[in-house]
1. Of these, Thr35, Thr77, which one is under 22 Å from the mean Cα position of the chain (by Cα) and not hydrophobic (A, V, I, L, M, F, W, C)?
2. If I ask for residues that are among the β-branched types (Val, Ile, Thr) and either at pLDDT below 90 or under 20 Å from His60 (Cβ atoms) (or both), which ones from the stretch 1-40 would you list?
3. Quick one: what pairs do we get from the stretch 47-73, first residue closer than 18 Å to Ser37 by Cβ, second among the aliphatic types (A, V, I, L, M), C-beta under 7 Å, 6+ apart or different chains?
4. Which condition number does Ala70 fail, the rest of (1) surrounded by 10 or more Cβ atoms within 10 Å (Cβ to Cβ); (2) not in a helix (DSSP H, G or I); (3) not basic (Lys, Arg) being met?
5. Might you let me know whether the stretch 41-50 holds any residue that is more than 21 Å from the chain's Cα centre (by Cα) and either modelled with pLDDT under 90 or among the polar types (S, T, N, Q) (or both)?
6. I'd like the full set of residues that are assigned to a helix (DSSP H, G or I) and among the polar types (S, T, N, Q), limited to the stretch 4-19.
7. Examine the stretch 23-42 for a residue that is without any contact (Cβ under 8 Å) to a residue 12 or more places away in the chain and either over 26 Å from Arg71 (Cα atoms) or not in a helix (DSSP H, G or I) (or both), and state whether such a residue exists.
Amino acid sequence: MAPRAEHDILQQSRIEQDTDLWRRRYGHRAGVEGTISHGVQSFGLRRSRYGSLTKTRLQHHFTGAAINLARLDAWLTGRPLARTRISPFAALRPPG
C-alpha cells in the first residue's frame, strides 16, 4: 500500500475515534478486557489444570463464577475497586 493511502486511512480512523458511537463500543471492550485481566491475575485463568477441552471449559465456567462471587463480595462489603496502576513517571509528580 502506498504511504499516502496509509496516511488517509489513519486520518479517517482518528476522525472516527471522536464519535460517541466509537467511545461506547470501546467502553464495552475495555470492560471485557478488564474482566479477562482480573481472571488472569487473580484466578489463574491463563493456565488450565486439565488436558481435555471439556474439563478446561468447565474450569473456565467455574473461574467465571468465582470472579462474579468476588465482585459481589466487594460490592456487598463496600470494598472499593482497585485503582489503576500509576506509572513510575506519574509518581514523580508532586502531590497537590
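1. Numbers: Thr77 fails: under 22 Å from the mean Cα position of the chain (by Cα).
Step by step, each of Thr35, Thr77 is checked, and only Thr35 is under 22 Å from the mean Cα position of the chain (by Cα) and not hydrophobic (A, V, I, L, M, F, W, C).
2. Quick first cut of the stretch 1-40, residues among the β-branched types (Val, Ile, Thr) only: 9, 15, 19, 32, 35-36, 40.
The answer is Val32, Thr35, Ile36, Val40.
3. Cβ pairs passing all conditions: Thr63/Leu45.
4. Status for Ala70: all satisfied but (2).
5. Of the residues in the stretch 41-50, the ones more than 21 Å from the chain's Cα centre (by Cα) are 49-50.
If we keep only those that are either modelled with pLDDT under 90 or among the polar types (S, T, N, Q) (or both) as well, we get 49-50.
Yes: one or more hits.
6. Applying the first criterion (assigned to a helix (DSSP H, G or I)) to the stretch 4-19 yields 4-16.
Matches in the stretch 4-19: Gln11, Gln12, Ser13.
7. Narrowing the stretch 23-42 to residues without any contact (Cβ under 8 Å) to a residue 12 or more places away in the chain: 23-34, 36-37, 40-41.
Add one more test, that the residue is either over 26 Å from Arg71 (Cα atoms) or not in a helix (DSSP H, G or I) (or both), and what stays is none.
The answer is no, given that none of the residues of the stretch 23-42 is without any contact (Cβ under 8 Å) to a residue 12 or more places away in the chain and either over 26 Å from Arg71 (Cα atoms) or not in a helix (DSSP H, G or I) (or both).
The values are calculated or read from the model by the stated rules, or taken from the named source; none is laboratory data. On a predicted model such as this, the values are computed, not experimentally measured, just so you know. Backbone-built Cβ (ideal geometry, glycine too); neighbour counts: all protein chains shown.
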